[in-house]
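See structure below.
The values are calculated or read from the model by the stated rules, or taken from the named source; none is laboratory data. This structure is a prediction, so every number in the text was calculated from the model and none was measured. Don't worry about glycine lacking a Cβ; one is built from the backbone with ideal geometry, like all the others, and counts go over all protein chains shown.
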Amino acid sequence: MDKKTTIYNAALQLIRDQKVEELTIELLSQSSGLSEEEILATSGDIASTLDMVIAMRWELHYQQSQHILQNPHPLQNLLAHDTAIINNINNFILAVGSKATLGRTACQVLTQAKLEMPKYYQKILDSKQYLLPETIQDSELYSQFITHSMFFLTTKNLTNVLHAETTESEVTQQIIESLFPKAVLDY
């Protein structure tokens, strides 16, 4: 495994374990087995390292999104895929706080996602025009609305109107049913 991948895996594990509010080169060194000097030489300071980790994570997410688009049921699978990562990032921001370096970085990730995600929904809508509401026949505009809705209809927000044990699957289903009432979907 190359050093970038080792750093990436160590950073994600530390973030997932939520054992740190502030990620440091020292913690990455301890977790990855690489020396601090190796990390600095490979990815630079902590800000550059976080940028690298984020870029690698989103590259993987978008590769998975492309794969989803080419398989059966792309709409519901892409919504589930994107809703899961949005919820994970939102939960992480709540855990570490938006002022911490990691929290600010996670906020930047969400901002970038809001710009990229609509492109994938537009591909689906361009090929399945029947999914568009009769009053909005603009796939680009509706793709933006879908993405906005996912960020608004998170598990946390939906638990205010649904029962407290709402699952990500139920969130995804709620989003689909509210955005695509004409669609016949298999669950």
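Checked against the criterion of being part of a helix (DSSP H, G or I) and over 14 Å from the mean Cα position of the chain (by Cα), the candidates Leu27, Leu78 yield just one match: Leu27.
Just checking, which of Leu50, Leu34 is at pLDDT below 90, over 30 Å from Ser178 (Cα atoms) and surrounded by 15 or more Cβ atoms within 10 Å (Cβ to Cβ)? One residue alone meets the criteria, Leu50. The condition of being of a type outside the set (Lys, Arg), surrounded by 14 or more Cβ atoms within 10 Å (Cβ to Cβ) and either more than 22 Å from Ile15 (Cα to Cα) or at pLDDT 80 or above (or both) holds for only one of Leu153, Leu115, that being Leu153. Please verify whether Glu22 is loosely packed, with under 13 Cβ neighbours inside 10 Å, of a type outside the set (Ser, Thr, Tyr) and in contact (Cβ under 8 Å) with a residue 60 or more places away in the chain, treating the condition exactly as stated. In short, yes. Quick one: in region 125-140, of everything that is in a helix (DSSP H, G or I) and either modelled with pLDDT of 90 or more or over 26 Å from the mean Cα position of the chain (by Cα) (or both), which residue is surrounded by the fewest Cβ atoms within 10 Å (Cβ to Cβ)? Top of the filtered list is Tyr130.
A search for C-beta distances below 9 Å between a residue of region 119-132 that is basic (Lys, Arg) and any residue that is in a loop (DSSP other than H, G, I, E, B), counting only pairs 6+ apart in sequence or on different chains, returns Lys128/Ala183. Of all residues in region 30-50, those satisfying the criterion of being outside any loop (DSSP other than H, G, I, E, B) and touching a Ser or Thr at 6+ places or on another chain (Cβ under 7 Å) are Ser32, Glu36, Ile39, Ser43, Ile46, Thr49, Leu50.
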